[in-house]
Amino acid sequence: AETPPQAKSSSWSSFLKSIASFNGDLSSLTAPAWILSTTSLVEFSSYWTEHPSVFVAPAAEKDPAKRAMLVLKWFLSTLKQQYASRSEKLGSEKKPLNPFLGELFLGKWEDEAGETRLVSEQVSHHPPVTAYCIWNANAGVRLQGYNAQKASFSRTINHIRLPNASVQQIGHAILHIDEYDEDYLITLPSLHIEGLISGSPYVELNRCSYIQSSTGYTAKIDYSGKGWISGKSNTFSAVLYPQGKEKEAIYTADGQWNGAFVIKNAKTKEVVDTYDPEKTKVTPLTVAPIEEQDDYESRRAWKKVADAIIKGDMETTSFEKSLIENRQRELRRLEKEEGREWYRRFFTRTEKISLFEKLAGKIGEQINDSLTNGVWAFDQEKASQAKPPFHADVPFFKSESEESSEVYESARESANESS
Ligand SMILES: CCC(=O)OC[C@H](C)CC[C@H]1O[C@H]2C[C@H]3[C@@H]4CC=C5C[C@@H](O)CC[C@]5(C)[C@H]4CC[C@]3(C)[C@H]2[C@@H]1C
């Protein structure tokens with residue numbers, strides 16, 4: 001349902017006022033209907049490999065420096081999907097649904113690269129942390145990571161009150177290539193949300209991020225490219241060098257992170273590789289139809305909320321959302337009473353992974369797992385046993401007759417408040 005402009009601006013201005021009392025948790029803001037996305041944040045893990053052939057390419061390259069260059073190319077190719085795809089498809093950034101603890105998103109890509117599988121799980125709700133593993137068994141390439149966001153609204157910029165949401169990403173990703181038994185630690189770029197004041201927010205990436213390989217190569221990607229020189233937005237420049245020797249660049253990459261870029265040999269300046277999203281098709285992710293999904297799988301769990309958002313029916317949206325939230329609160333209360341934790345289906349909290357430390361140390365990164373409730377590692381053993389129903393002992397939905405009354409009653413109250 002298209003929102004009439006005057007309704008849009010009034011709800012948006014009251015939303016901007018709510019930013020004034022912002023507490024750091026983006027999901028706590030009640031954003032107006034038209035900015036709400038029907039997609040849960042737990043789905044964002046799929047943005048890492050929408051071009052599986054680019055993702056597995058490094059495994060086929062014998063030269064270690066070229067392999068590191070192909071990992072950099074793959075990382076750069078994910079940025080458009082990660083940070084610009086909603087704006088490009090929906091006209092602006094949207095507010096994703098805030099995943100509940102244990103929310104699952106499972107899928108696979110099937111194309112010329114073979115089968116690439118995705119498991120994504122919300123391993124923490126306070127703070128929101130998503131853990132994921134994406135792997136292509138045939139090529140022997142696996143990406144495993146976890147991430148959270150710490151947001152702040154800078155009150156004023158250049159002395160005018162411009163609510164500009166800054167988002168620091170916490171967490172890491174590790175790419176493993178079986179053939180060479182090598183690892184690449186990927187740090188996550190910080191970003192800020194532009195365009196909040198005009199009601200069509202979009203992501204800008206800040207400063208720089210790194211890829212550190214266990215084979216001794218470092219890639220540094222700088223997003224603060226002055227787009228206004230080339231007149232192109234979202235420019236970046238990247239350099240791949242032997243770790244600790246930034247001046248002895250081997251490869252450089254320049255272009256737009258939401259567009260095309262070229263990779264050159266730093267010495268000869270010859271173009272060694274190019275990437276153009278317009279010429280590289282995105283492979284659609286195959287997700288089970290909703291009726292075949294487990295209740296804890298994202299699109300099934302949020303179906304009624306998503307349908308209500310599409311209809312612009314805020315009363316039903318808040319009723320169905322509150323049902324889920326109240327039910328989750330019940331589960332947390334029971335766990336607390338019984339002194340146990342929610343059973344993560346695919347990931348386990350592990351001691352700091354020495355590999356992370358070793359690689360992170362090389363680029364001066366700290367593993368700040370206090371903000372992600374621990375370091376989350378994909379548990380191959382658990383995953384191999386996991387099959388639906390994933391939590392047979394804990395039904396996700398309970399009918400009104402089975403459910404404790406406050407869950408439905410307070411859901412009705414919040415529905416009335418929203419209308
Ligand atoms: C502040 C609440 C609100 O409604 O704001 C309105 C606006 C939609 C702006 C806030 C939202 O903007 C979204 C952009 C989201 C990030 C996009 C891409 C990624 C990469 C992925 O690998 C991890 C997640 C991450 C960092 C998303 C995190 C959530 C962001 C910032 C959404 C904001 C709530």
Quiz item: Under the definition of Cα pairs under 8 Å and six or more residues apart, what whole-number percent is the relative contact order of the chain?
Solution: 15
Quiz item: Fully extended, how many nm does the chain gain between GLU357 and GLU248 (0.36 nm per residue separation, minus their Cα-Cα distance)?
Solution: 36.8 nm
Quiz prompt | Most mobile of ARG142, ARG86, ARG333 in a GNM of the chain (Cα contacts under 10 Å) | solution = ARG333
Quiz prompt | Reach of LYS398 by Cα under 16 Å, taken over lysines that are not fewer than 8 positions away in the same chain | solution = LYS303, LYS304, LYS321
Quiz item: Who wins for biggest fluctuation among SER46, SER399, SER322 in a Gaussian network model of the chain, springs between alpha carbons below 10 Å?
Solution: SER399
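In units of 2.2 N^0.38 Å, what is the alpha-carbon radius of gyration of the range 261-361? Walk me through the intermediate numbers first.
On the way: Rg = 23.1 Å, N = 101, 2.2 N^0.38 = 12.7 Å.
Rg over 2.2 N^0.38 Å, computed on Cα atoms: 1.82.
Under Stokes-Einstein, with the Kirkwood radius over Cα pairs standing in for Rh, what whole-number D in µm²/s applies to the chain at 25 °C and 0.890 mPa s?
Numbers: Rh = 22.8 Å.
It comes out at roughly 108 µm²/s.
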Practice problem: Using the structure shown, list the pairs from LYS95/LYS220; LYS245/LYS358; LYS66/LYS245 with a Cα-Cα distance above 24 Å, or answer none. | Solution: LYS95/LYS220
Self-check item: Where the chain is the region considered: accessible area per residue in Å², 1.4 Å probe
Solution: 47
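Can you give the FRET efficiency for SER370 and LYS336, using 1/(1 + (r/R0)^6), R0 = 35 Å, r = Cβ-Cβ distance, to the nearest 0.05?
Numbers: r = 21 Å, r/R0 = 0.59.
According to the calculation, E is roughly 0.95.
Counting only protein heavy atoms and using a 1.4 Å probe, what share of the accessible area of the range 305-350 belongs to carbon plus sulfur, as a whole percent? The partial results should precede the final answer.
On the way: 1330 of 2480 Å².
The nonpolar share, carbon plus sulfur, comes to 54 percent.
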Exercise. Report the equivalent ellipsoid semi-axes for the range 244-312 in whole Å, largest first, defined as the square roots of five times the eigenvalues of the gyration tensor built from alpha carbon atoms.
Key: 45, 14, 13
Quiz prompt | Cβ-derived FRET efficiency at R0 56 Å, HIS126 paired with LYS267, nearest 0.05 | solution = 0.65
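Taking Cα atoms of the range 307-357, Rg/Rh with Kirkwood Rh, to two decimals?
Numbers: Rg = 17.6 Å, Rh = 14.2 Å.
Ratio of gyration radius to Kirkwood radius for the range 307-357: 1.24.
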Practice problem: Take every Cα-Cα distance within the range 58-120, group them into 10 Å bins from 0 onward, and report for each bin the whole-number percent of pairs it holds. | Solution: 16, 29, 38, 15, 2
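So what's the range 88-203 giving for Cα Rg divided by 2.2 N^0.38 Å, two decimals?
That ratio works out to 1.32.
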Exercise. Assuming R0 = 35 Å, can you tell me the calculated FRET efficiency for the pair SER152 and ARG412, based on Cβ-Cβ distance, to the nearest 0.05?
Key: 0.50
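The values are calculated or read from the model by the stated rules, or taken from the named source; none is laboratory data. Keep in mind that this is a model prediction, so the values were computed, not measured. Note that we place each Cβ from the backbone using ideal geometry, even for glycine, and neighbour counts take in every protein chain shown. The protein model used for the area step is the full one, side chains on, heavy atoms only, and it has no ligands, DNA or RNA in it. Shrake-Rupley method; radii C 1.70, N 1.55, O 1.52, S 1.80 Å.
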